[in-house]
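Read the structure below first, then the notes.
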Amino acid sequence: MRVLAAMSGGVDSAVAAARAVAAGHDVTGVHLALARNPQTYRTGARGCCTLEDSRDARRAADVIGIPFYVWDMAEQFQDDVVDDFVAEYAAGRTPNPCLRCNEKIKFSAVLDRAVALGFDAVVTGHHARLGADGLLRRSVDQAKDQSYVLAVLTRAQLDRAVFPLGDSTKARVRAEAAERGLAVAEKPDSHDICFIADGDTRGFLADRLGETPGDVVDGRTGAVVGRHSGAYAYTVGQRKGLDLRVPAPDGRPRYVLSITPKTNTVTVGSREDLEVDTVTADRVIWHGECTPVECDVQMRAHGEVVPAVVTVDGDTLVARLRRPARGVAAGQAIVAYRTDQDGDIVLGSATIASGTVSEPGAVAGDRAGAAGNA
């Protein structure tokens, strides 16, 4: 099989490319140049997509013995990831740029170009598995699993994807890189958002959206308890950096409950006020069986897993949680999993539109019914 190996400059993508060669594939390496100005992107241990990464990827390709190219995807990355990131925050939502990059760049623009050039598939260093049944599964290394940010991929995209690392731990991948003489064997993983050089997301957004002062209000009383310089700087579940001027009557911390761009208002409340038991989402990608279905859902890249009953109706997904969850933010993905003897299978994903509280007792009743049917 003729495959294109996306080489980020890190240890995972280098070992994935090497394993593809060892599996007998005809492999070509490609590094994606995503920055209009690479100097503005993160470097070193916190980096991704920098000039340093490009050089590391080229050296790895030389060691592996495969052709190597750099593809300039900066304009599309700006449009589909960076501009989308800013627009989502401006709309009061909390985006996941890594998920969007996988969806729009690595498995859309890159895959489309690869197929047009005669490649059969794209190889990446993501920690996830594709079973013999073609279903996406969690990695065996739960701590490094990236199935959440891949769950947005369509069936056609998964059919042309290869994830060679899903059956290995990160420790094993690093050891193999050292055995193969790859200089990236001990290179630290990238962290945070690659296109925000200093890690200051609030400052990055302020530069693009400007300061727009508004009120911070108490969710129960409607009283103004503080001011903000831009509602886009907040996300549901946030506790730090609220700069509240009126303490809660009980002296307990307050958390962001919602962001309303129309009124430029940030609403805060207690930790308990964050709880929701029903999640509604759109932009559905569904690979699973007919619904409703009992499964587990995850609503943040590194969030807790919650049992739920999921129903899909057209482009709407509704998850009724078996126990309340906190910090459910519009714009994040909700990913549904089912467990079998080989691990967790991705049933599908959708983009969270809202989290609400159902009628009193509804979730408790569901729990009782589920227990009775067990």
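The values are calculated or read from the model by the stated rules, or taken from the named source; none is laboratory data. Keep in mind that what you see is a predicted model, and the values were worked out from it rather than measured. Heads up, the Cβs are rebuilt from the backbone with ideal geometry, glycines too, and the neighbour counts pull from every protein chain shown.
With respect to Ile196, determine if the residue is more than 30 Å from Val310 (Cβ to Cβ), in contact with a helix residue (DSSP H, G or I) (Cβ under 6 Å, 6 or more places away or on another chain) and not assigned by TED's automatic domain parsing to the domain that holds Ala87. So Ile196 fits the description; yes. In region 220-301, counting only strands (runs of 3 or more DSSP E) that sit wholly within it, the ones holding 2 or more residues that are touching a residue at least 40 places away in the same chain (Cβ under 8 Å) and within 18 Å of Ser354 (Cα to Cα) span 255-260, 265-269, 276-286, 293-298. Check whether at least one residue in region 77-84 is part of a loop (DSSP other than H, G, I, E, B), in contact (Cβ under 8 Å) with a residue 12 or more places away in the chain and assigned by TED's automatic domain parsing to the domain that holds Thr28, and report yes or no. No, every residue in region 77-84 fails to be part of a loop (DSSP other than H, G, I, E, B), in contact (Cβ under 8 Å) with a residue 12 or more places away in the chain and assigned by TED's automatic domain parsing to the domain that holds Thr28. Checking Asp296, Asp315 one by one, the residue that is surrounded by fewer than 16 Cβ atoms within 10 Å (Cβ to Cβ), charged (D, E, K, R) and in contact with a strand residue (DSSP E or B) (Cβ under 8 Å, 6 or more places away or on another chain) is Asp315 and no other. For Arg55, the test of being at pLDDT 95 or above and part of a helix (DSSP H, G or I) is failed. Is it the case that some residue within region 179-192 is modelled with pLDDT of 95 or more, farther than 25 Å from Gly92 by Cβ, of a type in the set (S, T, N, Q) and within 25 Å of the chain's Cα centre (by Cα)? For region 179-192, residues modelled with pLDDT of 95 or more, farther than 25 Å from Gly92 by Cβ, of a type in the set (S, T, N, Q) and within 25 Å of the chain's Cα centre (by Cα): absent. Among the residues of region 275-304, the ones that are hydrophobic (A, V, I, L, M, F, W, C) and modelled with pLDDT under 95 come to 2 in all.
Please tell me if Gln341 is closer than 20 Å to Ala128 by Cβ, crowded, with 16+ Cβ neighbours inside 10 Å and not assigned by TED's automatic domain parsing to the domain that holds Tyr232. No, not satisfied. Based on this model, can you work out whether Val115 counts as among the β-branched types (Val, Ile, Thr), over 30 Å from Lys262 (Cβ atoms), crowded, with 17+ Cβ neighbours inside 10 Å and at pLDDT 95 or above? No. Scanning region 206-219 turns up at least one residue that is modelled with pLDDT of 95 or more, surrounded by 18 or more Cβ atoms within 10 Å (Cβ to Cβ) and of a type in the set (A, V, I, L, M, F, W, C).
Within region 91-108, none of the residues are of a type in the set (Phe, Trp, Tyr), touching a helix residue (DSSP H, G or I) at 6+ places or on another chain (Cβ under 7 Å) and at pLDDT 95 or above.
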